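I have placed the structure first, in the form of structure tokens, so that the comments after it can refer back to it.
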Amino acid sequence: MAEAGEENGEAAAPGEGLVSSSLVATGVLVGTSAAAALAPTAFGTMHAVVSGALFAVGGVAFLWAYAIGVSRSRVDVVSVPGLFFLTADTAPPNVRHRLRIAVAVEVVAVVASAAVRPYSVVAFGILAPMFGIGVMGMWGARYGSFPRRPPGVTKAD
């Protein structure tokens with residue numbers, strides 16, 4: 001069975017599962033944000049739980065990505081913007097754009113819903129974009145391309 005993207009002759013990008021999980025979570029978050037903004041008594045608690053879960057998973061992914069990045073910095077020149085925001089050539093453009101768009105959509109969705117219902121459980125949604133940032137960091141830590149550290153050069157030099 002062919003991997004995603006192989007049907008049309010191009011190889012699938014590494015870490016496609018991380019990208020897919022980010023897109024699915026973004027869809028769920030947008031759905032619960034809209035539902036909670038329209039009917040906070042019916043969907044507000046569900047939105048808060050989804051947002052809290054995404055925040056928790058994203059926080060763990062962020063810290064894990066940081067630990068992997070620190071480990072990789074022994075042999076690679078790992079930058080924080082490259083690790084967590086996939087700047088420059090850290091990631092292929094299709095991966096970088098999809099993950100950045102997912103975070104942007106998450107931020108817009110939760111800020112809009114929190115603006116509509118500011119003093120309710122709907123405002124918990126602003127925690128959820130941590131998931132997208134954590135996934136981006138995880139992708140950068142595991143699959144990102146960073147330049148090799150020159151021989152004989154330590155981090156303190």
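No lab work stands behind these numbers, since they all come straight from the coordinates. Computed from a predicted structure; not experimentally measured. Every residue, glycine among them, receives a Cβ derived from its backbone with ideal geometry; neighbour counts consider all protein chains shown.
Tabulated results
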read-out	value
Under the span-like rule (Cα at least 24 Å along the axis, Kyte-Doolittle mean at least -0.5), DSSP H helices of the chain	16-38, 40-72, 93-116
Burial ordering of Met130, Met136, fewest other beta-carbon atoms within 10 Å first	Met130, Met136
Listed candidates (i) 17.8, 65; (ii) 17.9, 62; (iii) 17.2, 51 - label of the one calculated as Rg and Dmax of the Cα atoms in Å	(ii)
Inter-centroid distance (Cα atoms) of region 95-157 relative to region 15-87, Å	6
Peptide ranges 73-83, 137-147 listed from the most packed, as the mean C-beta count within 10 angstrom indicates	137-147, 73-83
Amide H contacts under 5 Å for Asp76, placed H, 5+ residues apart	Arg149
Sorted by Cβ density within 10 Å, fewest first, the residues Leu127, Leu99	Leu127, Leu99
